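Q: Sharing a structure below in structure tokens format, with a few things to ask.
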Amino acid sequence: MAMKQLFVTPNRCTACRNCEVACSFVHTSDPTVLAFPRVRTYVISENTNTVNLCLQCDDAACKKSCPVEALVWNAKTGALEVDLGRCIRCLMCTIACPFGNIHFDKRTNEIAKCDLCQGDPACAKFCPTLALEYAAKPSPDPKPGEVKPLPPIPWMLFTDKQSR
Amino acid sequence: MQLTIDKRTVVARKGEYLLEVAQRNSIEIPTLCHHPAVEPWGGCRLCMVEITHPDWKGWTGLVTACLYPVQDGLIVSTNTEKVHQVRAGVLDLLLARCPESSLIQNLAWQYGIEKTSYAPRKAPDLCILCGLCVRICEKIGASAISSIGRGVEKLVSVPYETSVSAACVGCLSCANICPTGAISFSESDHCRTIWSRNFELVRCEECKTVIGTPEQLEHFAQRSGLDRSYFTKCDSCRNREAAARFVRVTF
């Protein structure tokens, strides 16, 4: 099976920012300090929105700039993850990334970088319009007039109850 | 290979050290001079553990967990009376050296020491000589600081204790990694001061957030082989720009 990837389709994005909230919640360890979202939503022009998140570059500038090899590949998900035990918070990765997709979270004193949620990205789960999809390939755009059923939104992500 | 730490069987790979294996298995061993980013050093002697082996005919030894390589069948005890005594001795000395450090005070208190039994130092500072700052500076490639002097006069400083170090890039890694906060620095709107040297500050071209010192960015650009233009803007500004560019290429 082909490795799943996170696909972004900007013309489906409504900038609802569900992905940012989901990301924050999933990466929060201390419930009193909400983590910095790894995915950011932008309104580019009147009818254009998009999300921007880590591209997991093969030849990553963040990895190259790290003096202590704290960025390591996760072979299972294909994500480049930050080893926070090794990280010395020199913040060079945050400055080196050409896409600005690696941030420093002052509140948690951690480097905030997309880790694909260990192979189950919360942003894609909560995207109501399939602008973010975690799949082997992106789903095709609906034809004019066709109404596609939306995937169920996992309202109860943090409980064992069935999604509505 | 398998070994036993506090009656728990744990798995380890050849070449690993005891402390790494214990930390991975959430077995607590106190340490002050260890950081995964730098080579183990065995400076603080706080991670002492007692080891024995079925083949050793009852012989036991006290070793530093951060420097002892794992061995198949090893039996490690992290909390015996002997270990407790050794650690208490170390903390008693450290408390005499750094009576004002809250980290040392807390650790010493955990080992039953409220007041040091030695004569405290006359002009105490917060440095416990763990060497983390020196090792991280070397790792980064600046090697601006080192330990100077011997015995009671040993201290961490820039060469010859002169007021300005040419090798320092002002990255603050030493201050950030210091477990006791002994390395002081200050940062104002225009200037960062560390090791008595003043550094200019580079700001993001757009939002004017501080991103570092010119020497630091130059050093890290050279070190990583990335172009200097990679180090000109802050993450948020780049992120917004990249999003706009991304939309342009997809539509």
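Q: Name the residue that is surrounded by the fewest Cβ atoms within 10 Å (Cβ to Cβ), counting only residues in the stretch B:213-230 that are more than 7 Å from chain A (Cβ to nearest Cβ) and outside any helix (DSSP H, G or I).
A: Out of the qualifying residues, it is B:Asp227.
Q: Can you go through A:Cys23, A:Cys57, A:Cys19 and tell me which one is under 25 Å from A:Lys137 (Cα atoms), assigned to a loop (DSSP other than H, G, I, E, B) and either among the charged types (D, E, K, R) or at pLDDT 90 or above (or both)? Full working, then the answer.
A: Values: A:Cys23 fails: assigned to a loop (DSSP other than H, G, I, E, B); A:Cys19 fails: assigned to a loop (DSSP other than H, G, I, E, B).
Testing whether each residue is under 25 Å from A:Lys137 (Cα atoms), assigned to a loop (DSSP other than H, G, I, E, B) and either among the charged types (D, E, K, R) or at pLDDT 90 or above (or both) leaves just A:Cys57.
Q: Restrict the check to the stretch B:231-243 and report whether at least one residue is closer than 24 Å to A:Thr50 by Cα and either more than 9 Å from chain A (Cβ to nearest Cβ) or under 27 Å from the mean Cα position of the chain (by Cα) (or both).
A: yes
Q: Based on this model, can you work out whether A:Lys113 counts as of a type outside the set (S, T, N, Q), in contact with a helix residue (DSSP H, G or I) (Cβ under 9 Å, 6 or more places away or on another chain), within 20 Å of B:Arg223 (Cα to Cα) and more than 7 Å from chain B (Cβ to nearest Cβ)?
A: Numbers: of a type outside the set (S, T, N, Q): yes; in contact with a helix residue (DSSP H, G or I) (Cβ under 9 Å, 6 or more places away or on another chain): yes; within 20 Å of B:Arg223 (Cα to Cα): no; more than 7 Å from chain B (Cβ to nearest Cβ): yes.
For A:Lys113, the condition - of a type outside the set (S, T, N, Q), in contact with a helix residue (DSSP H, G or I) (Cβ under 9 Å, 6 or more places away or on another chain), within 20 Å of B:Arg223 (Cα to Cα) and more than 7 Å from chain B (Cβ to nearest Cβ) - is not met.
Q: Oh, and also: Just for the stretch A:42-54: of the residues that are assigned to a loop (DSSP other than H, G, I, E, B) and either free of Cβ contacts under 8 Å to residues at least 60 places away in the same chain or over 14 Å from the mean Cα position of the chain (by Cα) (or both), which one is farthest from A:Ala131 (Cα to Cα)?
A: To start, the set of residues in the stretch A:42-54 that are assigned to a loop (DSSP other than H, G, I, E, B) comprises A:46-47, A:53-54.
Okay, now just the ones that are also either free of Cβ contacts under 8 Å to residues at least 60 places away in the same chain or over 14 Å from the mean Cα position of the chain (by Cα) (or both), so A:46-47.
Numbers: A:Glu46: 17, A:Asn47: 14 Å.
Filtering the stretch A:42-54 for residues that are assigned to a loop (DSSP other than H, G, I, E, B) and either free of Cβ contacts under 8 Å to residues at least 60 places away in the same chain or over 14 Å from the mean Cα position of the chain (by Cα) (or both), the one farthest from A:Ala131 (Cα to Cα) comes out as A:Glu46.
Q: Residues that are closer than 30 Å to B:His219 by Cβ and within 14 Å of chain A (Cβ to nearest Cβ), at least 1 per element: which helices (runs of 4 or more DSSP H) completely within the stretch B:56-159 meet that?
A: On the way: elements: B:81-97, B:102-110, B:132-140.
The helices (runs of 4 or more DSSP H) meeting that bar are B:132-140.
Q: Tally time: how many residues in the stretch A:64-102 are aromatic (Phe, Trp, Tyr) and assigned to a loop (DSSP other than H, G, I, E, B)?
A: Start the filter on the stretch A:64-102 by keeping residues that are aromatic (Phe, Trp, Tyr), which leaves A:73, A:99.
Among the residues that remain, those that are also assigned to a loop (DSSP other than H, G, I, E, B) are: A:99.
Residues flagged as aromatic (Phe, Trp, Tyr) and assigned to a loop (DSSP other than H, G, I, E, B) within the stretch A:64-102 amount to 1.
Q: How about the stretch A:104-130: which of its residues are of a type outside the set (S, T, N, Q) and at positive phi?
A: Our first condition is that a residue be of a type outside the set (S, T, N, Q); within the stretch A:104-130, this holds for A:104-107, A:110-117, A:119-128, A:130.
A:Leu116, A:Cys117, A:Gly119, A:Leu130 - these are the residues of the stretch A:104-130 that are of a type outside the set (S, T, N, Q) and at positive phi.
Q: So in the stretch B:188-212, with the set limited to residues that are under 18 Å from A:Pro98 (Cα atoms), out of contact with any Pro (no Cβ under 7 Å at 6 or more places or on another chain) and of a type in the set (A, V, I, L, M, F, W, C), which one is nearest to the other protein chains (Cβ to nearest Cβ)? Can you show your working first?
A: Residues of the stretch B:188-212 under 18 Å from A:Pro98 (Cα atoms): B:202-212.
Cutting the leftovers down to out of contact with any Pro (no Cβ under 7 Å at 6 or more places or on another chain) gives us B:203-212.
Filter again for of a type in the set (A, V, I, L, M, F, W, C), leaving B:204, B:207, B:210-211.
Details: B:Cys204: 9, B:Cys207: 11, B:Val210: 10, B:Ile211: 5 Å.
Per the criteria, the residue is B:Ile211.
Q: Ok, one more. Can you pull out the residues in the stretch A:86-110 that are under 20 Å from B:Thr213 (Cβ atoms) and either in contact with a Phe, Trp or Tyr (Cβ under 7 Å, 6 or more places away or on another chain) or more than 8 Å from chain B (Cβ to nearest Cβ) (or both)?
A: A:Leu91, A:Met92, A:Cys93, A:Thr94, A:Ile95, A:Ala96, A:Lys106, listed by residue number.
Q: Could you figure out which of (1) more than 25 Å from B:Glu138 (Cα to Cα); (2) part of a helix (DSSP H, G or I) isn't true of B:Asp189?
A: Single failed check for B:Asp189: (2).
Q: Also, I was wondering about something else. Does the stretch B:26-47 contain any residue that is hydroxyl-bearing (Ser, Thr, Tyr) and surrounded by fewer than 20 Cβ atoms within 10 Å (Cβ to Cβ)?
A: To start, the set of residues in the stretch B:26-47 that are hydroxyl-bearing (Ser, Thr, Tyr) comprises B:26, B:31.
Those left that are additionally surrounded by fewer than 20 Cβ atoms within 10 Å (Cβ to Cβ): B:26.
Within the stretch B:26-47, one or more residues are hydroxyl-bearing (Ser, Thr, Tyr) and surrounded by fewer than 20 Cβ atoms within 10 Å (Cβ to Cβ).
The values are calculated or read from the model by the stated rules, or taken from the named source; none is laboratory data. The structure displayed is predicted, hence computed values, not measured ones. Don't worry about glycine lacking a Cβ; one is built from the backbone with ideal geometry, like all the others, and counts go over all protein chains shown.
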